[in-house]
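Working notes, structure below.
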Amino acid sequence: MLVFFLILCNFDKIFAAAGWATTTVNYLYPMTAMFISFIPLKINADRQKVHPIIYFLMPIVLLAVNAEIFCLVTLLVSFGDCLRSLWRKEHNNYYCWILLSMSIASVTFIITSPAFSSQYNKCELAYFPLYSQISLVQKLAMAVVNMFNYIAIVNYKVFLMGTLLNFFIVYKTDRNFWYKIIAFIPFFVVFLCSCKEILLKLLHYFDFNILYVYVQDSFAAFGGVSVKDPHYTLMNFIILSVVCLVLFCYLLSFHIIKKYFRKTNWVYIILSLGFISYLIMVKSPTIYASWIRPAILVYVAIAISETLTFSHYYGQMLYKKSKDYSLIILIALFVILSIHSLCSQFVTEFRRAQQMFDSGESRVMVLNGLHLNKLVIGDKI
């Protein structure tokens, strides 16, 4: 199920925004290194002895803490593990302290580096000239709306299936009508957002011009306020309220499932780290220069949380030997969407490569597994 959720994250849309080479080096490699660096923490949490060879992972940790987003997440996770070690009086747990020290050193280096302030000024001038004049509260509000725009409209599949899964479990396991409504609200809103293009085409086809303009403006408001005039309008406040309601109901649905799923606290921790990894970037206008890429850990956090929830529910169904055909239909839907997502990614990359070859600007030659970019000048390479 985790594989299906990760496929639905549609990393093609995330990575292709700035080119696969750049995003792979700056996002995929550090994220992979970060998860590898968490393995010894999990071993310590299970009260198992960490093999000394684990300390050879330090070069990988350096790659993880070299990127701002993953460095901050590593800092939070290592700090929490240090507190856990102090609480359990684990005096031999040196790894978490080394990881915390490296994270603090990296954060200090990033903040005090002259390049950090230079990048801030360049991004502010290029993408959001009035960013420094906005209060921190408004920056957070804008970041929340933009994050929701990325996970519910721009790249919606993983969040849509996550809300559907929560609603399915609550509907099947709880008889309380209001609990079902709470779990249904996130799925309904995200489903409407995912049908944005279809809804606009239907309104335009039936000549509902006033409603068409209103709906179009409403979806445009999910993209945040104007960079030229960042003051909040009534529409912006309404959108912010809807986003907060959806996210609150989404998190509350895990609490409703809690009596059937004991690992809900881990789900909240994982989701919190995912949301914080994006919201903590509000101090810099780079969050808007990077578009959807800073939200990569939000997608991964939703995928992991929903996988944990589904695996526990499915395990209970197997234990009770319950034949739930609706669950089989849900799994089939995951498989179909995953195949569709893979096919659409393949078609997109194929068309992009075809356009690159047809344009005559560059050709990619694959020789012994090495990609060599060469400029095309006239008819000569």
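The values are calculated or read from the model by the stated rules, or taken from the named source; none is laboratory data. Just so you know, these numbers come straight off a predicted model, no measurement behind them. Ideal geometry is used to build each Cβ from the backbone, glycine not excepted, and the neighbour counts take in all protein chains shown.
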If you go through PRO30, PRO59, the only one that is surrounded by 12 or more Cβ atoms within 10 Å (Cβ to Cβ) and part of a helix (DSSP H, G or I) is PRO30
Flagged in region 18-51 as at pLDDT below 65 and within 15 Å of the chain's Cα centre (by Cα), in numbering order, are none
Output for Cβ contacts, cut-off 6 Å, separation at least six or different chains, first residue surrounded by fewer than 15 Cβ atoms within 10 Å (Cβ to Cβ) in region 171-194, second in a helix (DSSP H, G or I), reads TYR171/LYS180
Apart from one, (1) of a type outside the set (Asp, Glu); (2) modelled with pLDDT of 65 or more; (3) surrounded by 11 or more Cβ atoms within 10 Å (Cβ to Cβ) all hold for SER362; the odd one out is (2)
Inset, instruction - Would you mind stating whether ILE296 is at pLDDT 70 or above, in a helix (DSSP H, G or I), out of contact with any His (no Cβ under 8 Å at 6 or more places or on another chain) and not assigned by TED's automatic domain parsing to the domain that holds LEU164? - result: no
